[in-house]
Amino acid sequence: MMPQKEDWTSSFPLLRELPPAVLTRLRDSSLIIELPEGSRIFGPGQAPENFLLLLDGSIRVQQTSESGREIVLYRVQAGESCALTTACLMGYEEYQAEGIAETKVRAVAMPRALFDELMANSREFRQFVFAAFSRRLTNLFRLIEEVAFSRIDVRLAQKLLQLAGERGQISATHQDFANELGSAREVISRQLHEFARQGWVKASRGVVEITNRPALFRLAQQG
């Protein structure tokens, strides 16, 4: 993991509202880190030491219950910050979930001391942090609503269409779908079997192929 120097602030347009002197401090005091796919970036019981801003790649933030069931809370994409890291930094709390690099990632690591200073003294930086945090919090409330109240067949149809894109094929296990949707593997397996029975998908080990996109789309629209 070798630190690099570059003007990374252009990847975050809202940071351009900061005074030039603050931008210079950000560039000089932060490090760009690179992590391979599969890296565990943070986990329960750890306290964040840096404010993370993602330049490239994807980070999956997930939580595991005492029974071992996992749920994907959200993903951090290029140009975004991690809301959980923000919350833990502001509250001086330890992580209650883990972040996994789904791909090779490049990220800006801003030291905690600088984060605290800018949060206290820079209105523009606070706006940048809180705007991102607010968007993520809204999405988390939407996830809670979906898990609690939405039909699993509708949510699975939506997830299949989202992940398949134009390819029409998804490389994922039934457990992967269960983690994404906050459900049990057995529930997902039954629902995929029903979709296959109706001719909407073909499911094999680790692969799901969409064979009737319009039917899945009609179901997904009921959400």
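Assuming R0 = 41 Å, can you tell me the calculated FRET efficiency for the pair LYS104 and PHE217, based on Cβ-Cβ distance, to the nearest 0.05?
Numbers: r = 33 Å, r/R0 = 0.80.
With a Förster radius of 41 Å, E is 0.80.
Run the 1.4 Å probe and let me know the accessible area of ASP176, rounded to the nearest 10 Å².
My reading of the accessible area for ASP176 is about 70 Å².
Quick one: with all protein chains in place, what share of the accessible area of the stretch 95-223 is carbon or sulfur, to the nearest percent (1.4 Å probe)? Intermediate results must be reported in sequence, preceding the final value.
Working: 3580 of 7030 Å².
Looking at the stretch 95-223 in its full context, I get 51 percent from C and S.
Any idea what the dipole of the stretch 1-133 comes to, in debye rounded to 20, about its Cα centre with Lys/Arg Cβ at +1 and Asp/Glu Cβ at -1? If you can, show how the numbers build up before the last one.
Numbers: 13 positive and 18 negative charges, 43 e Å.
Using Cβ point charges on Lys, Arg, Asp and Glu, the stretch 1-133 gives about 200 debye.
Could I have the simple spin-label model distance between GLU6 and LEU140, label points 7 Å from Cα toward Cβ, reported in nm to one decimal?
Output for this residue pair reads 3.0 nm.
Run the dipole for the stretch 163-214 about the Cα centre, Lys and Arg Cβ at +1, Asp and Glu Cβ at -1, nothing else charged, and hand back the magnitude in debye, nearest 20.
On the way: 7 positive and 6 negative charges, 33 e Å.
That gives the stretch 163-214 a dipole magnitude of about 160 debye.
Ordering GLU166, GLU34 by how much accessible area each has at a 1.4 Å probe, largest first, what is the list? Kindly include the intermediate steps, with their values, before the conclusion.
On the way: GLU166 180, GLU34 60 Å².
The residues order as GLU166, GLU34, largest area first.
Relative contact order for the stretch 124-203: what is it in percent, counting Cα pairs under 8 Å that are at least 6 residues apart? Show your work: numbers first, answer last.
Working: 30 pairs, mean separation 14.1, N = 80.
Dividing the mean separation by the residue count of the stretch 124-203 yields 18 percent.
Can you figure out the FRET efficiency of SER67 with VAL154, using R₀ = 25 Å and their beta-carbon distance, to the nearest 0.05? Kindly include the intermediate steps, with their values, before the conclusion.
Numbers: r = 25 Å, r/R0 = 1.00.
Efficiency computed from Cβ-Cβ geometry: 0.50.
Could you calculate, for the stretch 71-223, the ratio of the Cα radius of gyration to the Kirkwood radius, expressed as Rg to Rh? Provide the component values of the computation, followed by the final result.
Numbers: Rg = 19.0 Å, Rh = 17.8 Å.
Taking Rg over the Kirkwood Rh, I get 1.07.
Would you tally the net charge around ILE41, using a Cβ to Cβ cut-off of less than 15 Å, leaving ILE41 out, and scoring K and R as +1, D and E as -1? Don't jump to the answer; show the numbers that get you there.
On the way: positive: ARG40, ARG60, ARG75, LYS104, ARG106; negative: GLU34, GLU37, GLU49, ASP56, GLU80, GLU94, GLU98, GLU102.
That works out to -3.
With each run of n ≥ 4 DSSP H residues scored as -39500 (n - 2.57), what mean residue ellipticity at 222 nm is computed for the chain after dividing by its residue count and rounding to the nearest 500 deg cm²/dmol?
For the chain, the value works out to -13500 deg cm²/dmol.
Viscosity 0.890 mPa s, temperature 25 °C: what is the translational diffusion coefficient of the stretch 156-221 from Stokes-Einstein with a Kirkwood Rh over Cα pairs, rounded to a whole number of µm²/s?
Details: Rh = 11.5 Å.
Stokes-Einstein gives a translational diffusion coefficient of 213 µm²/s.
At R0 = 41 Å, how high is the FRET efficiency between THR173 and GLN127 if r is their beta carbon distance? Nearest 0.05 is fine. Walk me through the numbers before you get to the answer.
Details: r = 41 Å, r/R0 = 1.01.
The formula returns an efficiency of 0.50 here.
When a/c reaches 1.5 or more, the comparison of a/b and b/c decides; with that in mind, is the stretch 33-100 rounded, prolate or oblate per its Cα gyration tensor? List each step's numbers first, then the result.
On the way: a/c = 1.75, a/b = 1.18, b/c = 1.49.
Because a/c hits 1.5 or more and a/b fails to exceed b/c, the stretch 33-100 counts as oblate.
Given a 1.4 Å probe and the protein chains all in place, what does the accessible area of ILE33 round to, in Å² to the nearest 10?
Looks like 30 Å² after rounding.
Compute the long axis of helix 112-121 from its Cα atoms, compare it with the longest principal axis of the Cα atoms of the chain, and write down the angle in degrees, 0 to 90, nearest 10.
Taking the Cα atoms of the chain, the angle to 112-121 is about 80 degrees.
How large is the accessible surface per residue of the chain, computed with a 1.4 Å probe and reported in Å² as a whole number?
Values: 12080 Å² over 223 residues.
Heavy-atom accessible area per residue stands at 54 Å².
Of the accessible area of the stretch 1-94, with the probe set at 1.4 angstrom, what percent is carbon plus sulfur? If you can, show how the numbers build up before the last one.
Working: 2570 of 5050 Å².
The nonpolar share, carbon plus sulfur, comes to 51 percent.
Specify which residue in the list THR103, THR173, PHE130 is farthest towards the positive end of the charge dipole of the stretch 89-223, using unit charges on the beta carbon of Lys, Arg (+1) and Asp, Glu (-1), about the Cα centre.
Value: THR173.
Points 7 angstrom from Cα along the Cβ direction at ARG25 and ARG112: gap in nanometres?
Taking the simple label geometry, ARG25 and ARG112 are separated by 1.9 nm.
Which value, in debye to the nearest 20, gives the size of the charge dipole of the chain about its Cα centre, when Lys and Arg are +1 and Asp and Glu are -1 at the Cβ? Write down the numbers at each step before the final one.
Numbers: 27 positive and 27 negative charges, 148 e Å.
Roughly 720 debye, rounded to the nearest 20.
Pull up all non-local amide H partners of SER58: gap of 5 or more, or a different chain, and H-to-H distance under 5 Å with H placed in the peptide plane.
The answer is GLU102, THR103.
The values are calculated or read from the model by the stated rules, or taken from the named source; none is laboratory data. None of these values were measured; they are calculated from a predicted model. When we count neighbours, we look across all protein chains shown, and the Cβ atoms used for this are built from the backbone with ideal geometry, even at glycine. Heavy atoms of the whole protein, side chains included, go into the accessibility calculation; ligands, DNA and RNA do not. Shrake-Rupley method; radii C 1.70, N 1.55, O 1.52, S 1.80 Å.
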